[in-house]
Amino acid sequence: MSCVSDRAKAKAKAGAKAKAGAKAKAGAGAGAGAGARAKAKAKAGARAKAGAGPVERLRAICMEFPEANERVSHGAPTWFAGKGKVFATLDDHHHGAPHLAVWLPQPPGVQAMLIASEPDVFFRPPYVGPSGWIGVVLDRHTEWGLVQSLVHDAYVHVATKKLVRALTGT
């Protein structure tokens, strides 16, 4: 699959989420209760992401997932799916790297495809790269819709079936 179609897919996914959020807000009346408050809080978080720095934006994206939690691991902010596996870790100029990035586990084949498509944006991170993880540079013209889509894919890749069901509502 070409990077162009990946980007289009990511942008379409982000647009669909925004439309769904707008419909939910329009349908939630004043007496809608806790569900409406949770949706309003999520929407406020999305607005905050837009004006925040890259680390804050990444944190906001990662914390949207069911039972996501942040802990420091190996000296860097790291996000876990429940009590389970890592789905994102921050690379803040790790060992003198020239970039701020996020490392994400991905299904087989995705790493090579992304690196070949845009080597200035994607890279094979040290330590976890041989296991299929992808590095995504965050401190250059970042396409946050694409980052959000890749974080989503990473979460689904490592999360338990229970957490994936909570995410998808099935």
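Per-structure values
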| read-out | value |
| --- | --- |
| Given (1) at pLDDT below 95; (2) closer than 23 Å to Thr160 by Cβ; (3) open to solvent by 70 Å² or more (accessible area, probe 1.4 Å), index of the condition Gly84 fails | (3) |
| Matching residues, the range 49-74, being of a type outside the set (Lys, Arg), at pLDDT below 90 and open to solvent by less than 30 Å² (accessible area, probe 1.4 Å) | none |
| Residue count for the range 55-98, restricted to those that are under 29 Å from Thr168 (Cβ atoms) and in a loop (DSSP other than H, G, I, E, B) | 9 |
| Check on Ala24, outside any loop (DSSP other than H, G, I, E, B), loosely packed, with under 10 Cβ neighbours inside 10 Å and either of a type outside the set (Gly, Ala, Ser) or at pLDDT below 90 (or both) | no |
| Residues within the range 110-140 that are outside any loop (DSSP other than H, G, I, E, B), within 25 Å of Ser73 (Cα to Cα), in contact (Cβ under 8 Å) with a residue 24 or more places away in the chain and open to solvent by less than 40 Å² (accessible area, probe 1.4 Å), tallied | 5 |
| Output for the range 99-109, where each listed residue is part of a strand (DSSP E or B) and closer than 13 Å to Asp153 by Cα | Trp103, Leu104 |
| Residues satisfying the stated conditions in the range 147-170, i.e. touching a Lys or Arg at 6+ places or on another chain (Cβ under 6 Å) and open to solvent by 20 Å² or more (accessible area, probe 1.4 Å) | Val158 |
| Filter result (within 23 Å of Pro98 (Cβ to Cβ) and free of Cβ contacts under 8 Å to residues at least 12 places away in the same chain) within the range 141-170 | His141 |
| Hits in the range 54-86 (condition: within 17 Å of Gly145 (Cα to Cα) and of a type in the set (Phe, Trp, Tyr)) | Phe65 |
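Let's see how each residue does on (1) at pLDDT 95 or above; (2) among the aromatic types (Phe, Trp, Tyr); (3) out of contact with any strand residue (DSSP E or B) (no Cβ under 8 Å at 6 or more places or on another chain):
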| position | (1), (2), (3) |
| --- | --- |
| Ala76 | no, no, no |
| Leu90 | yes, no, no |
| Trp103 | yes, yes, no |
| Ile115 | yes, no, no |
| Val121 | yes, no, no |
| Val151 | yes, no, no |
| Tyr155 | yes, yes, no |
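The values are calculated or read from the model by the stated rules, or taken from the named source; none is laboratory data. Nothing here was measured: the structure is a model prediction, and the numbers come from that model. Ideal geometry is used to build each Cβ from the backbone, glycine not excepted, and the neighbour counts take in all protein chains shown. For accessibility, only protein heavy atoms count, side chains too; no ligands or nucleic acids. Shrake-Rupley method; radii C 1.70, N 1.55, O 1.52, S 1.80 Å.
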